[in-house]
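*Asks:* Before I ask anything, here is the structure I am working with.
Please treat every number below as a calculation from the coordinates, not as lab data. Remember, it's a predicted structure, so these values are computed and weren't measured experimentally. For neighbour counting, all protein chains shown are included, and Cβ atoms are generated from backbone atoms with ideal geometry for every residue, glycine included.
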Amino acid sequence: ASDPDWMDEQLTNLVKIFKSETMMTVEQVISGFAINEKCALIHNANETCTTNRPWRPCGTPSLDTNAHLFQLRKEHRQELTKASSECWKELRSKLAELARMRHSVEDSLLSLETLANRLDELSNSPNNCRQLHFPTAT
């Protein structure tokens, strides 16, 4: 767990999870509102229906299709913004936690390297090195 590549791998996995969860949330919101399907139906109706008098907004938002679709698009955009914001907050907290873990691991690694260097110095120095005698079991 003290390998810097491990931290990079964890960060990459965290970003992949964020992207997949965000895309799933976006797909759920889009399928819930189905605005694109309604726009396509209106466009198809405008292209294929023939009438002497073209459709015009009446000015009453409850009866005006464009006003209705505008409100749906606005709600859709708000839902997407909210979902993205929630995912970003979650990712930001996980990134902060991962950064703290990375600093901790780097500090531990630095301490271990310092100890290893000190041990090498002591083992290579004839003045500071003592022979250790371990008692043998009889």
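*Asks:* On a straight-distance basis, which lysines could pair with Lys74 in a cross-link, Cα separation under 21 angstrom, same-chain partners fewer than 8 positions away excluded?
*Replies:* Partners within reach: Lys38, Lys82.
*Asks:* Return Arg73, Arg92 ranked ascending by Cβ neighbour count within 10 Å, so the fewest neighbours appear first. Provide the component values of the computation, followed by the final result.
*Replies:* On the way: Arg73 14, Arg92 11.
The order, fewest Cβ neighbours first, is Arg92, Arg73.
*Asks:* Per 0.36 nm of contour for each residue apart, how much would the distance between Glu9 and Asn44 grow if the chain were fully extended, relative to their Cα-Cα spacing? Provide the component values of the computation, followed by the final result.
*Replies:* Working: separation 35, 0.36 × 35 = 12.60 nm, distance 4.81 nm.
So the extension gain works out to 7.8 nm.
*Asks:* Treat each spin label as a single point 7 Å out from the Cα along the C-beta direction, and report the Ser108 to Leu63 distance in nm.
*Replies:* For the pair Ser108/Leu63, the computed spacing is 7.2 nm.
*Asks:* Want the number for Ile17 to Glu86: 0.36 nm per residue separation, take away the alpha-carbon distance, what's left? Let's see the in-between values first.
*Replies:* Numbers: separation 69, 0.36 × 69 = 24.84 nm, distance 1.38 nm.
Full-extension gain reported as 23.5 nm.
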